[in-house]
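Colleague: Quick one: the structure is below, questions incoming.
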Amino acid sequence: MNEKIIPEIANLSATRYILKKFKLRASKRLGQNFLIDKNVVNEIVLAAEIEDGENILEIGPGIGTLTQGLLKAGAHVTAVELDKKLPQVLAETLSGYKNFRLIQGDILKVDINEIMNNQPFKVVANLPYYITTQIILTLLEKNLPITKIVTMVQREVAERMIATPENLIAKNESAKTYGALSVAVQFYTEPRIAFDVPPTSFLPNPDVMSSVIVCDVRKNVAVDVKDEKLFFKIVRGAFGQRRKNLLNSLLGAGFEREKISDALKKSSIDPNRRAENLSLKNFADIANNYNY
Ligand code: SAM
């Protein structure tokens, strides 16, 4: 099987054929839902705005469906795949392409800078849903030279990534949407939902709607903070106990009463407010006014 035999992996019959040939079953545990819709692959590739020879990190190439689209667009793809059964499949499905490198391993454990040769790169992926949030936070918090992230995620996760306190108030939505993930994504990137993808675009069909989200990494983070670690400790602590007010949540997260009260006062933030009503600037003010 090579490029000539399977010109397009992204359809139901080619995917079934490959799975059957290699005696594979999509693993639920590894979040395997293979794309079978060529339009979705094309749209993802378009959203990634790939230039010839550009470095792309793909997380979880599966049987090579999205990878094929990226390679056809001229990308140099480095892919990290956890499933030990897939390297032999990819060796065949992508055998016609030169600019593909596979690393068998866990994306949460590999040294991403090393595998990307310390060069700038974009991330393009149809992510395994059981660890989407961890992967996104890992990519963001490691200070990697990423310029853009284009990923398929559950729609609900995409909504959390773009949620702001303003749209919570405007849409009167459940206060669960805006949280630590929203703050982290918006601190480092400008995110937007590009389009939604129905379960029928995958084999097997996932139980949920999906969305492709595009995150343009900011040259400078959204708000000035003196200590990013402290900023995120405050954000996580504030959202840790949603039913409590800000002061009690932060006390519960281990901050000292006197110091945190002082930081809130200096930031002109009422300790009775709740985390979901605070903007990135509010969190930055608290962190910058915290004397430790
Ligand atoms: N890219 C393919 C596609 O679009 O059809 C497959 C996407 S599937 C939703 C997610 C892929 O991520 C699977 O191939 C799965 O084996 C892989 N995966 C799961 N956990 C992973 C991890 N921790 N590190 C790297 N890959 C992982």
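Colleague: For segment 56-73, what does the Karplus curve 6.51 cos²θ - 1.76 cosθ + 1.60, with θ = phi - 60°, yield as ³J(HN,Hα) per residue in whole Hz, taken in order and with x for Gly and Pro?
Modeller: Coupling constants for segment 56-73: 10, 9, 10, 9, x, x, x, 9, x, 4, 6, 3, 4, x, 5, 5, 4, 7 Hz.
Colleague: Check which residues have an amide H placed less than 5 Å from residue 54's amide H, if you skip close sequence neighbours.
Modeller: Residues meeting the amide H criterion: 76.
Colleague: Order of 228-237, 108-117 by packing, highest average Cβ count within 10 Å first? List each step's numbers first, then the result.
Modeller: On the way: 228-237: 18.6, 108-117: 13.8.
By packing density, highest mean first, the sequence is 228-237, 108-117.
Colleague: With a 1.4 Å probe and every protein chain kept in, tell me what percent of the accessible surface of the chain is carbon plus sulfur. Present the calculation step by step, with values, prior to reporting the outcome.
Modeller: On the way: 6780 of 14370 Å².
The computed percentage sits at 47.
Colleague: Right, another one. Using only the Cα atoms of segment 69-159, each taken as one equal point scatterer with no solvent, compute I(q) by the Debye sum, divide by I(0), and report log10 of the ratio at q = 0.11, 0.16, 0.19, 0.21 Å⁻¹.
Modeller: Relative scattering, expressed as log10 I(q)/I(0), comes to -0.33, -0.72, -1.03, -1.24.
Colleague: What percent does the relative contact order of the chain come to when contacts are Cα pairs within less than 8 Å and at least six residues apart? All intermediate terms of the calculation are to be shown ahead of the outcome.
Modeller: Working: 511 pairs, mean separation 43.6, N = 292.
For the chain, the relative contact order is 15 percent.
Colleague: Another question about this same structure. Assuming 1.002 mPa s and 20 °C, estimate D for segment 1-83 with Stokes-Einstein, Rh taken as the Kirkwood radius over Cα pairs, in µm²/s.
Modeller: Stokes-Einstein gives a translational diffusion coefficient of 161 µm²/s.
Colleague: Based on alpha-carbon positions alone, could you give the equivalent ellipsoid semi-axes of segment 195-292 from the gyration tensor, as √(5λ), descending, whole Å?
Modeller: Details: eigenvalues 238, 60, 23 Å².
In descending order, the three semi-axes are 35, 17, 11 Å.
Colleague: Which links in 38/109; 84/109; 23/85; 23/84; 244/265; 28/148 stretch past 21 Å when you go from one Cα to the other? Mind dumping the intermediate values first?
Modeller: On the way: 38/109 31 Å; 84/109 15 Å; 23/85 10 Å; 23/84 14 Å; 244/265 18 Å; 28/148 28 Å.
Those over the limit are 38/109; 28/148.
Colleague: When 1/r is averaged over all different Cα pairs and the result inverted, which Kirkwood radius in Å belongs to segment 94-138? Write down the numbers at each step before the final one.
Modeller: On the way: mean 1/r = 0.0803 Å⁻¹.
When all Cα pairs of segment 94-138 are included, the Kirkwood radius is 12.4 Å.
Colleague: Explain nothing, just the number: dipole magnitude of segment 1-153 about its Cα centre with +1 on each Lys and Arg Cβ and -1 on each Asp and Glu Cβ, in debye rounded to the nearest 20.
Modeller: Working: 18 positive and 16 negative charges, 162 e Å.
So the dipole magnitude of segment 1-153 works out to roughly 780 debye.
Colleague: Using unit Cβ charges (K, R positive; D, E negative) and no other charged atoms, how large, in debye to the nearest 20, is the dipole of the chain about its Cα centre?
Modeller: On the way: 39 positive and 33 negative charges, 175 e Å.
I would put it at about 840 debye.
Colleague: Quick one: accessible area per residue over the chain, 1.4 Å probe, rounded to a whole number of Å²?
Modeller: Working: 14370 Å² over 292 residues.
Accessible surface, normalised per residue, equals 49 Å².
Colleague: Now, a different point. Which value results when the Cα radius of gyration for the chain is divided by 2.2 N^0.38 Å? Show your work: numbers first, answer last.
Modeller: Numbers: Rg = 21.0 Å, N = 292, 2.2 N^0.38 = 19.0 Å.
Scaled against compact globular proteins, the figure is 1.11.
Colleague: Taking the alpha-carbon distance from residue 98 and a cut-off under 15 Å, which aspartates and glutamates remain once sequence neighbours fewer than 8 residues away in the same chain are dropped?
Modeller: 3, 52, 54
Colleague: Using Cα-Cα distances under 8 Å and only pairs 6 or more residues apart, what relative contact order does segment 136-275 have, in percent? Numbers along the way, then the final one.
Modeller: Working: 183 pairs, mean separation 31.4, N = 140.
Computed value for segment 136-275: 22 percent relative contact order.
Colleague: Quick one: Karplus J couplings for segment 203-214, per residue in order, coefficients 6.51, -1.76, 1.60, θ = phi - 60°, nearest Hz, x for Gly and Pro?
Modeller: 10, x, 5, x, 7, 10, 6, 10, 9, 9, 10, 10
Colleague: Go through segment 193-199 residue by residue and turn each phi into a ³J(HN,Hα) via Karplus (6.51, -1.76, 1.60, θ = phi - 60°); whole Hz please, and just put x for glycine and proline.
Modeller: Going residue by residue, I get 7, 7, 6, 9, 10, x, x Hz, with x marking Gly and Pro.
Colleague: At 0.36 nm per residue, and after removing the present C-alpha to C-alpha distance, how many nm does the segment from residue 39 to residue 193 gain when stretched out fully? Intermediate results must be reported in sequence, preceding the final value.
Modeller: Details: separation 154, 0.36 × 154 = 55.44 nm, distance 1.68 nm.
Contour length minus Cα-Cα distance gives 53.8 nm.
Colleague: Packing-wise, with mean Cβ within 10 Å as the measure, how do 126-137, 19-30 rank, highest first?
Modeller: Averaged packing, sorted descending, gives the order 126-137, 19-30.
Colleague: Ok, one more. Efficiency by 1/(1 + (r/R0)^6): what FRET value for residue 243 and residue 113, r their Cβ-Cβ distance, R0 = 35 Å, to the nearest 0.05?
Modeller: Details: r = 40 Å, r/R0 = 1.13.
Efficiency for this residue pair is about 0.30.
Colleague: Here's another thing I want to ask about it. How far apart, in nm, are the 7 Å Cα→Cβ label points at residue 51 and residue 208?
Modeller: Taking the simple label geometry, residue 51 and residue 208 are separated by 3.5 nm.
Colleague: Another question, then. In the chain, what % of DSSP beta bridges are antiparallel (nearest 5)?
Modeller: Details: 17 of 37 bridges.
About 45 percent, rounded to the nearest 5.
The values are calculated or read from the model by the stated rules, or taken from the named source; none is laboratory data. The structure presented is a predicted model; accordingly, all values stated were derived computationally and were not measured. Cβ atoms come from the backbone with ideal geometry, glycine included; neighbour counts cover every protein chain shown. Protein only, heavy atoms only, side chains kept; ligands, DNA and RNA dropped before computing areas. Shrake-Rupley method; radii C 1.70, N 1.55, O 1.52, S 1.80 Å.
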